[in-house]
Amino acid sequence: MYQWRRKDFDGLDERVVLTFKSRKRKRSCTEREKEKIFRHSGGGKIPSIACNHIKGFCKARDITPDDLVKCHAEFYSKLDKVSQDAAIVAMLDVDTTKRVRVNDQRKNTRTMTTKYFLCSNGNRLQVCQSSFCSALSINRDRVLRIAKHRFEHGTTRPEKRGGNRKQGLFAEKREAVKNHIQSFTCRASHYGRKGAPGRKYLPSEMNVKRMNQLFLEQNGRTVAVNVSYHYYYGVFMSHFNLAFGYPATDTCSTCQTFKMAMKNLNLRDNEKQVKTALFILHRRKARKFYSLLNEVKPNEMTICFDMMENLVLPKLSIGEAYYSRQL
């Protein structure tokens, strides 16, 4: 546990934790990203049966409209392309061709066969390629690429386009910075949390540059964890909702009196020691009060009103305003 200047938060400090609502504003989606999300969400796509097979292996005639809509909804409940490709692989049976023509002189001889299946009442029904693609509202070439990769590699076709390719390279460094920031102690604001909900506050003497220097001193500036100030600042802003300096609002008058007295340069050493001892005694009494407030004995009840904002009523002689002030 990091102990630097912990006496400033005596009795009220808490551990720093990760938060989903960080200080850094999240980047909004671009038009291209919105189109990609809409494309993989099945928006504007209507499932249908594209064939009119009455006999043969195709059982599309036995699929009801409710089963068709259910299969379409389950497929597009997976919002990313990789998960959708894995669902397509589960609906395919890929195998080598059973019959090979001996005197076949064609160059593009098929080496694999693909069977397509759709679910109906919990059963897998084999359908043709056209009905399979129209039922899921996908392109024929996409299905062929997935089937070919499944036949050659035995796995689902991975996504090789775009993405953050360097995220895994800095995972160890990022976790080291997160653990270092979480080793500090912070304090929650009482009256100043309306403008920044969920924000916690570090000591006012601390800043991000000082925290980065402490991190480098503790880790010896090794290559694995040697991070710059900008990298440390990016992790601090992206994964934490922290600020520096406790917002002083509606503070204790006694505490402020002792703090101003201890900063007085004209005081003697013995007088400053007396002021410090009285201030410590005052803080201990305050902690004792909150400890007793949190104790709930049998057949007793403690009620605490946490007023984040007080509304000041006008001093008027009108009956409604006059009696509201008495409340």
**Prompt:** Measuring from label point to label point, each 7 Å out along Cα→Cβ, what is the ARG145 to PHE170 span in nm?
**Reply:** 3.0 nm
**Request:** Let me see the pair-distance distribution of the chain: every alpha carbon pair, 20 Å bin width, integer percents in order.
**Result:** 19, 31, 27, 18, 5, 0
**Complete:** Which of LYS34/LYS200; LYS21/LYS259; LYS200/LYS288; LYS36/LYS148; LYS21/LYS166; LYS272/LYS297 exceed 32 Å between C-alpha atoms? The answer is LYS34/LYS200; LYS21/LYS259; LYS272/LYS297
**Complete:** Ranked by GNM mean-square fluctuation in the chain (Cα springs under 10 Å), the top entry among TYR232, TYR201, TYR290 is TYR290
**Request:** On a 0 to 90° scale, report how tilted helix 140-153 is relative to the longest principal axis of the chain, with both axes built from alpha carbons and the result rounded to the nearest 10.
**Result:** 90 degrees
**Message:** For the chain, set up a GNM with springs between Cα atoms under 10 Å and report which of LEU292, LEU118, LEU79 has the largest fluctuation.
**Reply:** LEU292
**Message:** If Rh is defined by the Kirkwood formula over all Cα pairs and Rg also comes from Cα, what ratio Rg/Rh do you get for the range 108-197?
**Reply:** 1.32
**Message:** Where in the chain is the longest stretch that carries no GluC sites (Glu not before Pro) classed as loop by DSSP and with at most 12 other Cβ atoms within 10 Å?
**Reply:** 1-158
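Bear in mind that the values in this text are calculations on the coordinates, not laboratory data. Note that the structure is a prediction, hence the values are computed from the model and not measured. As a convention, Cβ positions derive from the backbone with ideal geometry for all residues, glycine included, and neighbour counts pool all protein chains shown.
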